[in-house]
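Reading through the structure tokens given below for one structure.
Just so it is clear, none of the values below were taken in a lab; they were calculated from the coordinates. Only a predicted model underlies this, so the values are computations on that prediction, with no experimental measurement involved. Neighbour counts run over all protein chains shown; Cβ positions are idealised from the backbone, glycine included.
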Amino acid sequence: MIDAVVGQVSESTQHAVGYPALFLLVALGALVPVIPTGAIVSSAAVVAFHQTSPGALLVVFVLAAGAAFVGDVALYWLGRRGVHSKNGSRWLEALRARAAPDRLEQARAKVEEHRVSVLVLSRLVPAGRIPVMLACLLARMPLRRFVRGNLPACLAWALTYQLIGVLGGSLFASPWQGVLAAVVLTVLVGAVPSVWRRWRT
């Protein structure tokens, strides 16, 4: 009985602190692409998987997708201000600095060919979001069109990393072991494209 009460209090505390922190970290990670948002979402999914609340995984999915969407739209809006400004923008220059010239050229070609559909893939490919977003900015894609393409992209991204977390959580009985497994899986998923590119060259 006491263990059940303690468990409910612990889950309530996790909800009150964890959910807002998840949203803020993912949204901030979309604006400042150095925060490992994929690992954060996977870790939150592990914790939700081990909770007794049946809707915990759904809440993590909605918050992660919503935060990624809000962050992406905010970053794109700031970038558009830079494109339309005579003096440019620090945000736009920061985006340029994070996009390798060859990746940017590939992204520009894909945006011209596929337009909105390429946004979905760019969110799923590690380090693919910034070059594609910059290519959309330079192609002067309207904000409304970007929003339409970015919504399914964020949903697919949140679902992918949540599934990684669920996989990690299902392999181990203890949440911390599942979180560790999810982080390792996320790092491996992120490292595969770069290892593949180096192997090809």
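What's the local net charge at Gly38, with K and R +1, D and E -1, over the other residues with C-beta under 13 Å away? Provide the component values of the computation, followed by the final result.
Values: positive: Arg123, Arg129; negative: none.
Result for the neighbourhood of Gly38: +2.
Under 9 Å from the Cβ of Cys154, count the other residues' Cβ atoms, weight Lys and Arg +1, Asp and Glu -1, and hand me the total.
Computed value for this residue: 0.
Counting only the backbone N, which residues of the range 52-74 are under 19 Å from the spot 7 Å out from the Cα of Arg144 toward its beta-carbon?
73-74
Can you pull the semi-axes for the range 19-74, root of five times each eigenvalue of the Cα gyration tensor, sorted largest first, whole Å? If you can, show how the numbers build up before the last one.
On the way: eigenvalues 87, 25, 9 Å².
Semi-axes from the Cα gyration tensor: 21, 11, 7 Å.
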